[in-house]
Amino acid sequence: MCVCEKSVTFAQFLQNTIFYFIYMANVIKLRKGLDVNLKGKASLETVTVKASEKYALLPDSFTGMKPKVVVKEGDAVKAGDALFVDKAHPEVKFVSPVSGTVALVERGDRRKVLSVQVAADGKNEAVTLDTKGVKDAKSAVDLLCEAGLFAFFRQRPYDVTANPDDQPKAIFVSAFSDMPLAQDFEYVLKGQEADFQAGLSLLAKIAKVHLGVSVKQSAPALLTAKDAEVTVFDGPAPAGNVGVQINHISPINKGEVVWTMGAEEVIFIGRLLRTGKVDLTRTIAVAGSEVKAPKYAKVIVGAQVSDILAGNLLPSDKHQRWISGNPLTGIKIKQTGWLGAHHTEVTVIPEGDDEYEMLGWIMPRFKEFSTSRSYFSWLRPKKAEYTLDARIKGGERHMIMSGEYDRVFPMDIYAGYLVKAIIAGDIDRQEALGIYEVAPEDFALAEFVDSSKLELQRIVREGLDILRKENM
Amino acid sequence: MNALRKYFDKIKPNFEEGGKLHAFRSLYDGFETFAFVPSTTGRVGSVSVHDAIDSKRIMSLVVIALVPALLFGMYNVGYQNALAAGQLENATFWGMFFYGFLAVLPKLIVSYVVGLGIEFTVAQWKNEEIQEGFLVSGIIIPMIVPVNTPLWMLAIAVAFAVIFAKEIFGGTGMNILNVALVTRAFLFFSYPSSMTGDDTVWVAQSAICGLGFDVPEAFSAATPLGELAQGAAATTTSLCDQIVGLIPGSIGETSVIAIALGACLLLWTGVASWKTMLSVFVGGALTAMLFDATLAPENVGAHIPWYQHLVLGGFCFGAVFMATDPVTSARTEGGKWIYGFLIGFIAVTVRVLNPGYPEGMMLAILLMNVFAPLIDYCFVSANISKRQKRLTNK
């Protein structure tokens, strides 16, 4: 099922074609993949939601980093003041998104820091930084570290928070996500084009910047972005995954490091350069089949999700699943949970754990979505939207079918063999098969279609963690 | 539905850790997931939505695809019996079908009881869920043996295959050889006289529960390939019968039409790889043509038309249901072409060049099962060396 989110009119098509001819030649066509069309897409309209009383920064949002908390409960902080730093690189700061007082440093088993919570004072005071002196890569990195925006860099290999001592080969930014219910960045970009460009220009001082744009996007700020090499991707999800884009533009070899950053986070940098202040306000998609009016909302990173969803959920006597992020790569959160630092949407779908379907292995199950023609979703129009719940819908098995992953894995990598090498713990083979190029999110669609129901993202995450430890 | 759900919920505690029926947990799990789609939901860190396909549905589909061939096989058992007894004009359609049904049913039951019994035990022992793989093997096994195979032989062979070809490797998905074919190979090499022998094995010889006919004296009917291997100038059956399937042979393998129905379902749903299936036929056809053009006229097998090679014996059945077994076939897309082609090639080669073995499909698939990882290795290595080159050319 390949579904175009917006039907591209002829005029748009013409416009796109012109853009390609005038501004660039790089169009990469991808055939493998799958667009999952879920019900409850956010309509292009921004509403105001209740400001949260508390905001929290979760160390777990920044994979691979060991936090050292630098505030105490009761400390007064401004937006941009560090809440915790990376133990290995104390210059990398993770800053408070709002001004207020530190309300709680939440710890879990073995005193692991789960979150640092700040009670907002509503004044929105922010630390002011001098942004004028940025001349070279070093000063750019220093500024970003100081402002707490370096924390938003992730690096490949390992898909972890970047290390400021590295010299990245390039910086990759994907201007679109085609995961189900994902934020439409082109909509978010409206009115923030200058900030986006300023952010790109700063990144270009650090390393060569590659911007991945979707064929469905037409904003000049994307297609004619300066200080970045623009590549257009034409194909189904996961074409928007930065990992897929890296694999097609400039694959990572052993020993190389590239950095990636979310497109909206580039806007954060632009804002910083314009105002000298850290402003982590995002326009997130509030979406999903359990959301009453799926729309966009302006919220600050770390907001309490219950405030974002307040009054906007469909009444239901069944369980609901709240997800920070989209249903494929996002994280299931509790009703007291927070918007993760990297997440660009909050989605709510039925949990389904109170759902019992009889004889599922043989019933037609017309409402289900499947890439297999043993179900009947192939009969429905391509635009049909599905209400899927969080059930795994089968038991975990060994890998039985072949080629399932490769169908939705548009990289020059044998996904099934790589997963097997990770399960077997064979590090040499993982390296040979290209583990340095992948992130768990690249396996999200493979996990979705997998008839053996293996937890591929978890397997890949654990594989990357072990590999990183070995190579340190 | 609710009553059944309540019943499952009520008895569930007995099977959990510490319950008095804990030793049968795998059995309970098996039945519960069979009756209801499991309502477990994805954990934190895994995807929140899933495709509705699972291995139960895939295996069920293969079983459904096998049903036409099985039903026709039952009918053909009755038909061959009536034909041998010279009573064809007195036999009715349903009479022949039910005769065949009664002849085949015990084999089906033995195959499932022995195989699933081992599966349940192993699942309980390893504390895993029951794997569905044997649902398919269990129905294939009675279909690829002669109708006169004794049940005790079948039971031993199934037990051998499930334990030594599958469970010791780690269960469904980890096996190297196709379980059903190992069962057949075990029978073939351990009890050759019951598998081909004097050609009395292919036709049921006596009445069952008043149905069917007692064949007067030991009636021998060779399969068409058997006739050719014994040096007959041509087969005694018509091409039409060979396609419809009214010829002696293993229970489920004779009818090309019934197998084609199953093939359509497997290809349409994408459960079987069309690449593998097509390349088996291409490999077989090209090899048959090659032998026809090059070998001396004394070799009868070499000079039957290429399409007859494809419709005779287990060629179609093997190509559609066994070569395409995703676990034991090549897993890379390019590898599937080579794997299939070589199966067709080897099957026809064995038929033509080895007078001892009238049929080569079983050996061809088993041999290629062994070589499939090697084929994949070459394709994966190419990918690896490309990555290596990128590193050195930097």
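The values are calculated or read from the model by the stated rules, or taken from the named source; none is laboratory data. All values derive from a computational prediction rather than experimental measurement. For neighbour counting, all protein chains shown are included, and Cβ atoms are generated from backbone atoms with ideal geometry for every residue, glycine included.
Count of the stretch B:98-120 residues, restricted to those that are free of Cβ contacts under 8 Å to residues at least 24 places away in the same chain and either in contact with a strand residue (DSSP E or B) (Cβ under 9 Å, 6 or more places away or on another chain) or farther than 23 Å from B:Glu253 by Cα (or both), is 2. No other residue among B:Leu187, B:Leu211, B:Leu267, B:Leu228 is without any contact (Cβ under 8 Å) to a residue 60 or more places away in the chain, in contact with a Leu (Cβ under 9 Å, 6 or more places away or on another chain) and aliphatic (A, V, I, L, M) apart from B:Leu187.
Within the stretch A:277-393, which strands (runs of 3 or more DSSP E) (wholly inside it) include 3 or more residues that are outside the structural domain of A:Lys453 (by TED's automatic domain parsing) and of a type in the set (A, V, I, L, M)? Let's see the steps before the verdict.
Numbers: elements: A:281-287, A:295-300, A:320-324, A:331-333, A:345-350.
The qualifying strands (runs of 3 or more DSSP E) are A:281-287, A:295-300, A:345-350.
Among the residues of the stretch B:306-324, are any within 14 Å of chain A (Cβ to nearest Cβ) and within 22 Å of B:Ile257 (Cβ to Cβ)?
Checked the stretch B:306-324: at least one residue is within 14 Å of chain A (Cβ to nearest Cβ) and within 22 Å of B:Ile257 (Cβ to Cβ).
Here is a check on your reading of the model: is A:Val92 surrounded by 19 or more Cβ atoms within 10 Å (Cβ to Cβ) and not assigned by TED's automatic domain parsing to the domain that holds A:Lys68? Break it down stepwise before answering.
Values: surrounded by 19 or more Cβ atoms within 10 Å (Cβ to Cβ): yes; not assigned by TED's automatic domain parsing to the domain that holds A:Lys68: no.
Taking the combined requirement at face value, the residue does not satisfy it.
When the residues of the stretch A:436-453 are filtered to those that are among the aliphatic types (A, V, I, L, M) and more than 9 Å from every other protein chain (Cβ to nearest Cβ), the one that is surrounded by the most Cβ atoms within 10 Å (Cβ to Cβ) is A:Val438. Just name the residue that is farthest from the other protein chains (Cβ to nearest Cβ) out of those in the stretch A:455-472 that are closer than 20 Å to A:Gly33 by Cα and crowded, with 21+ Cβ neighbours inside 10 Å. Applying the filter and picking the extreme gives A:Val460. Taking the stretch B:285-339 as the range and being in a helix (DSSP H, G or I) and small (Gly, Ala, Ser) as the test, the residues that pass are B:Ala285, B:Ala288, B:Ala293, B:Gly301, B:Ala302, B:Gly318, B:Ala319, B:Gly334, B:Gly335. Considering (1) surrounded by fewer than 22 Cβ atoms within 10 Å (Cβ to Cβ); (2) under 26 Å from A:Asn124 (Cβ atoms); (3) of a type in the set (Val, Ile, Thr), the lone condition that A:Thr344 does not fulfil carries the number (1). Restricting attention to the stretch A:324-341, the residues that are surrounded by fewer than 24 Cβ atoms within 10 Å (Cβ to Cβ) and at the interface with chain B (Cβ under 8 Å from one of its Cβ atoms) total 2.
Listed residues A:Val85, A:Val98; which is of a type in the set (Val, Ile, Thr) and either more than 24 Å from A:Gly262 (Cα to Cα) or not in a strand (DSSP E or B) (or both)? Working first, answer last.
Details: A:Val85 fails: either more than 24 Å from A:Gly262 (Cα to Cα) or not in a strand (DSSP E or B) (or both).
Selected residue: A:Val98, the only one of A:Val85, A:Val98 that is of a type in the set (Val, Ile, Thr) and either more than 24 Å from A:Gly262 (Cα to Cα) or not in a strand (DSSP E or B) (or both).
May I ask you to verify whether A:Leu181 is within 21 Å of the chain's Cα centre (by Cα) and either under 28 Å from A:Val438 (Cα atoms) or buried (at least 17 other Cβ atoms within 10 Å of the Cβ) (or both)? So A:Leu181 fits the description; yes. Residues that are free of Cβ contacts under 8 Å to residues at least 40 places away in the same chain and out of contact with any Phe, Trp or Tyr (no Cβ under 6 Å at 6 or more places or on another chain) were ranked within the stretch B:51-82; the one that is nearest to the other protein chains (Cβ to nearest Cβ) is B:Asp54. Looking at B:Ile176, B:Ile130, B:Ile141, just one residue is within 24 Å of A:Ser402 (Cα to Cα), crowded, with 17+ Cβ neighbours inside 10 Å, of a type outside the set (S, T, N, Q) and touching a Phe, Trp or Tyr at 6+ places or on another chain (Cβ under 8 Å), and that residue is B:Ile130.
Report whether or not B:Val63 is at pLDDT 90 or above and among the β-branched types (Val, Ile, Thr). So B:Val63 passes the test. Looking at the stretch A:400-420, which of the residues that are buried (at least 22 other Cβ atoms within 10 Å of the Cβ), of a type in the set (A, V, I, L, M) and out of contact with any Asp or Glu (no Cβ under 8 Å at 6 or more places or on another chain) is farthest from the other protein chains (Cβ to nearest Cβ)? For the stretch A:400-420, the residue satisfying everything is A:Val419. Of all residues in the stretch B:1-36 being aliphatic (A, V, I, L, M) and in contact (Cβ under 8 Å) with a residue 60 or more places away in the chain, which is farthest from the other protein chains (Cβ to nearest Cβ)? The qualifying residue farthest from the other protein chains (Cβ to nearest Cβ) is B:Ala23.
Looking across the stretch A:254-276, the residues that are assigned to a loop (DSSP other than H, G, I, E, B) and either under 15 Å from A:Gly148 (Cβ atoms) or not aliphatic (A, V, I, L, M) (or both) come down to A:Lys254, A:Gly255, A:Glu256, A:Gly276.
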